Amino acid sequence: MTKRLMLVTDLGFVAYFTITGLGIIPPEWTFADYANPLMADWNWSFLWIDLLASATGLASLWVFRSDQLMLVSLVLTMASGLMAIAFWTLRGDYSLLWWAPNLYLMLFPVPAIVRLIRQGRSPRSGRTPSPS
């Protein structure tokens, strides 16, 4: 289930910035002050964390099949959602249209992150836990 959610999310990051870059988001779907250059800069500031999350996620699924890359991707995805939710909270803007996807980004990775961390510390994983 996590891998499917990651695939949808990682492709969604690429689609979102493609759609945003082409300027085809309908005005009724945009966030408050969307046309404000400062808000546009804030939105584009997520490009690098989101694309890095996407690149590491897709690489972990298709190229390297790596739990470590998957963990990096999931943590970056969670951080991206958390940063957006923190921003909307500070602004007092509670639009469900923007909160829902960012809560998803923040919360869906949590069970998989916990599982991957536990697997990495498990003696059955064949890996030796590193000393603290």
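Rule-based calculations on the coordinates, nothing more; no lab input. Everything quoted here is computed from the prediction, not taken from an experiment. With ideal geometry, Cβ positions are generated from the backbone for all residues, glycine too; neighbour counts draw on all protein chains shown.
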Taking Cα atoms, the helix 96-107 axis meets the longest principal axis of the chain at an angle in degrees (rounded to 10) of 10 degrees
To make sure I understand, if each residue's beta carbon is the centre and we count other beta carbons within 10 Å, what order do SER80, SER95 fall in, fewest to most?
SER95, SER80
Taking only DSSP H segments of four or more residues, each worth -39500 (n - 2.57), what value at 222 nm results for the chain once the sum is divided by all its residues, to the nearest 500 deg cm²/dmol?
-22500 deg cm²/dmol
Provide ASP67, ASP93, ASP41, ASP50 in ascending order of the number of other Cβ atoms located within 10 Å of each residue's Cβ, fewest first.
ASP41, ASP93, ASP67, ASP50
Using alpha carbons only, how many degrees (0 to 90, rounded to 10) separate the axis of helix 67-91 from the longest principal axis of the chain?
30 degrees
What is the helix-to-structure angle for 109-121, meaning the angle in degrees between its Cα long axis and the longest Cα principal axis of the chain, kept from 0 to 90 and rounded to the nearest 10?
20 degrees
Please compute the Cα-Cα pair-distance distribution of the stretch 1-94 with 10 Å bins starting at 0, giving whole percents from short to long.
15, 43, 30, 11, 0
